[in-house]
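The values are calculated or read from the model by the stated rules, or taken from the named source; none is laboratory data. What you see is a predicted model, and the numbers here were worked out from it, not measured in a lab. So basically every Cβ, Gly included, is an ideal-geometry build from the backbone, and we count neighbours across all protein chains shown.
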Amino acid sequence: MEGIKNKIDILVNKLNHVGTKIYKNRYYIAIVIFILCIIFEISGSSIGCWKEFLELQEVDDGVIIGKSRAIRSDEWSVLTPMTFSQVFDGFKYFSNIIRGGNTDVFMVYGLPILNLVQIFRPFQIGFLFLGVAKGLSFFWCGRFIALFMVTFELGMILTKKKKLLSFIMSILITLAPIVQWWFAVNGIVEIFVFGELAVILLHKYMNTQNFKKRCIYLLGMIICAGGYILVIYPAWQIPMFYVFLALAISVIITNRKNCKITRKDIISILIAMLIFICCMTYIFLTSWNTIKAVMNTVYPGARMETGGQAISKYFQYPSNLFYPYNQEGVDKNVCEESTMFTLFPIGIILAVISLIKDKKKDVFLITLLIIYGFLSIWCIIGFPTIIAKLTLLSNVQSSRAILAVGFIDILILVRSISNKKMPVKKSIAMVSSIILSIIISMLCKKYNQNYITITRLVKIFIIDTGIFYLLFRYQSKYVKGLLSCSIVAIMIISGGMVNPLRRGTDVIYNSEIIKQVQQIQKEENGKWIVEGTNFHTGNFILMAGVPVINSTNTYPDMEKWYKIDTEKKYEDVYNRYANITINIRNDQEMPQKKFKLLHPDDFEVNLTPQELQKLEVKYIFTANDLEKYNNDKYSFEKLTNINQFNIYKLIEN
C-alpha cells in the first residue's frame, strides 16, 4: 500500500510540474492552438446540416467528431449564411444582399463590417482578411479560447490565485451546456467574455499606479462596455449585468486601499468616457431607423415580463448529461431546457458555512449572494410590474435569467471552496452528499417526468453523490486532482459533445447549387427569391453572394410589402422578424389570404408574376414547375436544373 501511495505521489508531482509549465506559458499555448485551428479551418458550426437538408450528395459535410445539430438552425441556417454573404458584399454596414438590399447588418445580427466600430465585435474580424472558411474558424475557436482564458483569469481573482480551482471554474463555464447549445447566437459568449474581462481589467487598474497601463486597461474596458451593449439581447444582458456589477463592486471594495486616483487618471477616465459616448452615438445614429423598426415590430417587439415559474430550472442541470445523445421526451427542446451545470446547492451550502460557521466577512460572497437572492425571487416568484420595469427585468423571461443564476452558483462555489482551510469530515460529507443527491435526483425527475428514466435517475444519483462528496472534501489529499478529472469528464459529456468538430466550408462551396447560382448571377445581376420550398433554402443561396428577398428578414422591409399590400391589410403579419415562404400563384389559384402567419417568426405570402415584378425579382429558385404560369404578359424561362431544384428567369413579354 505504501508503494502505491509513493507512485501516486510521484505521478501527482509530475502532473503538478507539467501544470506549472502550462500555466506559465498559457498565453503562448493558447495562441499556437488558435493559429493551428485557423490553419486547419476548425469550427463547431452545424453547416453540415445543409448536406442532408438539400440532399447535396456531391459534397462532404466536413464533420470530424460529433454531428451537426439541426435544432441549431438559427446558426447554420441564419447567422452563418448571413455572415458569409458579407464576404461577397464588401463588408458593408448596410447589406445589398440580405432581404434583397439595404439591410442594417451591424446592429441586429452583428455581422462583420469594414468599419472602425468593428472593434466592438472582435471575433468577426477574421472574416475581413481570412476569407469564409478561416474566418469561420477565427469566430468559433477565438470565442472558445477567449472564454476559457478570460474565465480562468477571473477565477484567479475569485480563488486568490488557486490555479486548479480556477481551471475547474473555467471548464464549468466554457463547456456549460447552455453556453454550448447557444454558442454561436444571441451573443452568449460575448456576454461572458466582455463582462468577465471588464472585471479583470478593473481589478488590474486598481492594483497599478502605472499611468500607461491604466490607459490600456481603460481602453480595454471601453471595448468591453461597447461589445457588451452591442450584443443586443436584453434577456441575458440585463440579469448578467447584475452579476458583473456585484463582481465590480466587490473588486472596488477589496482593492480600494491599493487604488490612488490622480488628476491624470481623472482626465484619462473622462477622455475614455467621451470616446465611448462618441462611438455609441455614431452607431446608434447610423442604425436609428433600424432600432425604430425593431421596436415597432409585432414580434419580437417590446416585452413586459413579471417573472416567476422557473423553479424547475434549479434542478435541471443533471439532465444535461443526456441531452447531446437523446432528446426524446424533452418538454420543449434541448436548447431551451439546457442550463449551467451548477452543482446546486453545494455552492450555497459552502457559502453559508464560510460566512456563518467560519465567520468570514467575504465581500465577494456577500454581494454575489445578494444578487443571487434578488434574481432568484425574480425567477421563482416574480416582481410587481412597477419593480420589474424599474429593474429592467420586464425585458427578461425568467427562463433566460437562469443563465445568470447558474453563473452565480458557480462563482459562489469556487469562492467558498477557496476560503475553506479544512475539508468536511468524511462521515458528514458522505451522508450529506447522499441526502442532497436523493433530493436533486428526485426533483430532476419530478420536473422531467417524460425524460428522466429510472436508468438516468440512478446515473444522476451516482454522479451527484460522487461530485458532492469530492466538493465537501476538496482540501483533502488527492481530492483536487480527482475532482478536476471528474468535472472535465462530466463537462465534456454534457457540453463538449454538443457542437461538432468540423473542418472547412466545402459542404457549401463545393455544392453544384452554389456554383450554378453564382454563375447565373455573374452573367447578369438580379434579385432572387426562393419559391415554394422551406424558407431555409433562401438563406442557402444567400451564401452564393446573391440578393435574396426572402432570406430571413431580421427586421421588416415595410416599403417592400406595401407594394403588394397597398391597403396595409396584412401589416401585422409581415411587421416582424420573419422567415418567409413565397408561393407563386395566378389569379385563379390565389387564396383568400395573400399573407398568412404560420408561426411568430414565420409567414407565407402568395404572389402573382406581376407582383414579383413590383419586387424587382429576376430569378426564382424552386422545386416547382413555373412554366405553367406563363401568359401573354410574363413567362418563366428555365435556366438550369440542379438536383431537384430549378432556376427560372422572370421575363416580361
Problem - Meets criteria (among the basic types (Lys, Arg), on the phi < 0 side of the Ramachandran plot and modelled with pLDDT of 90 or more) for Lys14 - result: no
Exercise for the section: Kindly provide the set of residues from the stretch 83-101 that are in contact (Cβ under 8 Å) with a residue 12 or more places away in the chain, over 22 Å from the mean Cα position of the chain (by Cα) and under 19 Å from Asn550 (Cβ atoms), ordered by number. Expected result: Phe88, Asp89, Ser95, Asn96, Ile97, Arg99, Gly100, Gly101
Exercise for the section: Filter the helices (runs of 4 or more DSSP H) completely within the stretch 432-525 down to those with at least 2 residues that are farther than 22 Å from Phe341 by Cβ. Expected result: 506-509, 512-523
Handout entry: Any pair with Cβ under 6 angstrom, 6 or more apart, that starts in the stretch 509-521 at a residue that is without any contact (Cβ under 8 Å) to a residue 12 or more places away in the chain and ends at one that is surrounded by fewer than 19 Cβ atoms within 10 Å (Cβ to Cβ)
Key = none
Practice task
Mind counting the residues in the stretch 357-392 that are without any contact (Cβ under 8 Å) to a residue 24 or more places away in the chain and at positive phi?
Solution key: 1
Practice task
Could you tell me whether Gln209 is part of a helix (DSSP H, G or I), of a type outside the set (Ser, Thr, Tyr) and either in contact (Cβ under 8 Å) with a residue 40 or more places away in the chain or assigned by TED's automatic domain parsing to the domain that holds Met491 (or both)?
Solution key: no
Exercise for the section: Would you mind telling me which numbered condition in (1) modelled with pLDDT under 95; (2) surrounded by fewer than 23 Cβ atoms within 10 Å (Cβ to Cβ); (3) more than 18 Å from Gly66 (Cα to Cα) Phe315 fails? Expected result: (1)
Problem - Selected residue (criterion: surrounded by the most Cβ atoms within 10 Å (Cβ to Cβ)) from residues of the stretch 456-496 that are of a type in the set (A, V, I, L, M), over 26 Å from the mean Cα position of the chain (by Cα) and over 15 Å from Lys420 (Cβ atoms) - result: Ile460
Practice task
Could you grab me the full set of residues in the stretch 284-317 that are over 30 Å from Tyr555 (Cα atoms) and of a type in the set (D, E, K, R)?
Solution key: Lys313
Handout entry: Qualifying residues in the stretch 129-173 (those that are among the hydroxyl-bearing types (Ser, Thr, Tyr) and either within 28 Å of Leu111 (Cα to Cα) or under 16 Å from the mean Cα position of the chain (by Cα) (or both)) - the one surrounded by the most Cβ atoms within 10 Å (Cβ to Cβ)
Key = Ser137
Exercise for the section: Could you identify the single residue in Lys389, Lys445, Lys426, Lys421 that is farther than 20 Å from Ile173 by Cβ, touching a Leu at 6+ places or on another chain (Cβ under 8 Å) and in the same structural domain as Ile348 (by TED's automatic domain parsing)? Expected result: Lys445
Problem - Only listed residue being at pLDDT 95 or above and within 29 Å of Val63 (Cα to Cα), chosen from Asn534, Asn499 - result: Asn499
Problem - Hits in the stretch 589-609 (condition: among the aliphatic types (A, V, I, L, M) and either surrounded by 15 or more Cβ atoms within 10 Å (Cβ to Cβ) or not assigned by TED's automatic domain parsing to the domain that holds Ser635 (or both)) - result: Leu597, Val605, Leu607
Problem - Yes/no for Asn586 being assigned by TED's automatic domain parsing to the domain that holds Leu542 and closer than 27 Å to Gln518 by Cβ - result: no
Practice task
Kindly provide the set of residues from the stretch 122-159 that are under 10 Å from Ser43 (Cα atoms) and without any contact (Cβ under 8 Å) to a residue 60 or more places away in the chain, ordered by number.
Solution key: Gly135
